[in-house]
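The values are calculated or read from the model by the stated rules, or taken from the named source; none is laboratory data. Source: prediction; values computed, not measured. Quick reminder, even Gly has a Cβ in these numbers, built from the backbone with ideal geometry, and neighbours come from all protein chains shown.
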Amino acid sequence: MLCVAACLSNAQAAEIKIVTTTTDLADITRAVAGDLAEVSSITTGREDPHTLTARPGFILRARDADVWIRIGMELEIGWEPVILRDARNTRIRVGMPRHIDASDHVIRLEVPTQRVTRDQGDIHPEGNPHYWLDPLNGRLVAATVSERLCVLYPEHKARFEENLRRFERDLDTRMFGTALVDALGGENLWRAVAEKRLEAFMTEKGMADKAGGWYGTMRPHQGKNIVTYHRSWVYLTERFGLGGDLQLEPKPGIPPSAKHLASLVSDAKARKVRMILQEPFYTLKAAEFVAARTGAKVVVVSTMTGGSAEATSYLDMLDNVIRKMGAEL
Ligand SMILES: [Zn+2]
């Protein structure tokens, strides 16, 4: 009798409670889980994800979570361990199947070949954790989440997989445009991208003039250089063929110094930089200093879902970033 009651109440409360560390993960997870899960994010998209402080509300949510998903690569090292420790929810501890590290299968950049310690001030000691700005990594994260949810909830496998295909189709279309995706297929296009032969592939197929989407928007700007505040843009600049190794911060997490900015101004002039990009949560002083001496334009744009009015979803966030860059470069 008890079992029947328990089973019935489980069936009615079909919702899986998923807590993600960031809003981009939450949005991607919603796309995959659909109405089978209630998904919430610890960050709102408006704060610097490196420097969040754990609050009691976060711990309560973690206590209740069926699944926890993080960006990983030490992005959340300052606050995730505290939340998970105090939540006392052993199911979502690091290493458990219900703790998903979204970086497991992404393409990683700037992974050090030698040991780097945080004592030197660098907050990217395990490589650059801002990988979600590469749309290919967003696609890989969705697949990672779907795969794990299928293992945890095999009864919903078909739904998760169908949702994943829909998300991939949406992402691919935004990346390459409908004409290319319809003619050549998203998987084939991404394979060519990963092999650094997309242009050759399009030419072989007689589609060289059919590039649309984000790729089409950024294609005329390949080879241009930009300055950014933090090294949070390298996945985007790498994916779209821009030069992005000039930062206002001398090292990730170290605020701009006068000495560093002086040498940056001469580097930016030499590389004909026309744009300085930064997230809304950094102060504008350093960017304005460099802009005044180089003629570059300062563009403030959110790199996280929910970080601005336009960034209502992961794909809309990328859309907004690329639209602004395309218009100003
Ligand atoms: Zn960072």
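Name the residues in segment 27-45 that are more than 16 Å from the ligand (Cβ to nearest atom) and not small (Gly, Ala, Ser), would you? Hits for segment 27-45 are Asp27, Ile28, Thr29, Arg30, Val32, Asp35, Leu36, Glu38, Val39, Ile42, Thr44.
Residue-wise test of (1) at positive phi; (2) modelled with pLDDT under 95; (3) polar (S, T, N, Q).
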| site | (1), (2), (3) |
| --- | --- |
| Thr203 | no, no, yes |
| Gly212 | no, no, no |
| His221 | no, no, no |
| Gly241 | yes, no, no |
| Ser257 | no, no, yes |
| Leu264 | no, no, no |
| Ala270 | no, no, no |
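Between Thr51, Thr21, which is within 16 Å of the ligand (Cβ to nearest atom), crowded, with 22+ Cβ neighbours inside 10 Å and without any contact (Cβ under 8 Å) to a residue 60 or more places away in the chain?
Thr21
From the list Leu246, Leu264, Leu242, the lone residue that is out of contact with any Pro (no Cβ under 6 Å at 6 or more places or on another chain) and within 16 Å of the ligand (Cβ to nearest atom) is Leu246.
Does segment 246-254 include one or more residues that are modelled with pLDDT of 95 or more and touching a Lys or Arg at 6+ places or on another chain (Cβ under 6 Å)? Within segment 246-254 (the criterion being modelled with pLDDT of 95 or more and touching a Lys or Arg at 6+ places or on another chain (Cβ under 6 Å)), the answer is yes, since at least one residue qualifies. Looking only at segment 285-303, decide whether some residue is out of contact with any strand residue (DSSP E or B) (no Cβ under 6 Å at 6 or more places or on another chain), touching a residue at least 40 places away in the same chain (Cβ under 8 Å), more than 16 Å from the ligand (Cβ to nearest atom) and within 29 Å of Ile107 (Cα to Cα). Looking for residues that are out of contact with any strand residue (DSSP E or B) (no Cβ under 6 Å at 6 or more places or on another chain), touching a residue at least 40 places away in the same chain (Cβ under 8 Å), more than 16 Å from the ligand (Cβ to nearest atom) and within 29 Å of Ile107 (Cα to Cα), one finds none in segment 285-303, hence no.
Only residues that are small (Gly, Ala, Ser) and more than 16 Å from the ligand (Cβ to nearest atom) were counted in segment 249-261, giving 2.
Every listed requirement among (1) away from the ligand (no atom under 16 Å from the Cβ); (2) closer than 23 Å to Ala296 by Cα is met by Ala208 save one, (2).
Looking only at segment 209-241, residues that are surrounded by 21 or more Cβ atoms within 10 Å (Cβ to Cβ), within 18 Å of the chain's Cα centre (by Cα) and touching a residue at least 24 places away in the same chain (Cβ under 8 Å) come to 12 in all.
Could you pull out every one of the helices (runs of 4 or more DSSP H) wholly within segment 1-79 that has 2 or more residues that are out of contact with any Cys (no Cβ under 9 Å at 6 or more places or on another chain) and modelled with pLDDT of 95 or more? Break it down into steps so the answer makes sense when it comes.
Values: elements: 2-12, 23-33, 56-64.
Where helices (runs of 4 or more DSSP H) fall fully within segment 1-79 and carry at least 2 residues being out of contact with any Cys (no Cβ under 9 Å at 6 or more places or on another chain) and modelled with pLDDT of 95 or more, they are 23-33, 56-64.
Is it fair to say Tyr215 is in a helix (DSSP H, G or I), hydroxyl-bearing (Ser, Thr, Tyr) and within 16 Å of the ligand (Cβ to nearest atom)? It would help to see each step written out before you state the result.
Details: in a helix (DSSP H, G or I): yes; hydroxyl-bearing (Ser, Thr, Tyr): yes; within 16 Å of the ligand (Cβ to nearest atom): no.
The answer is no for Tyr215.
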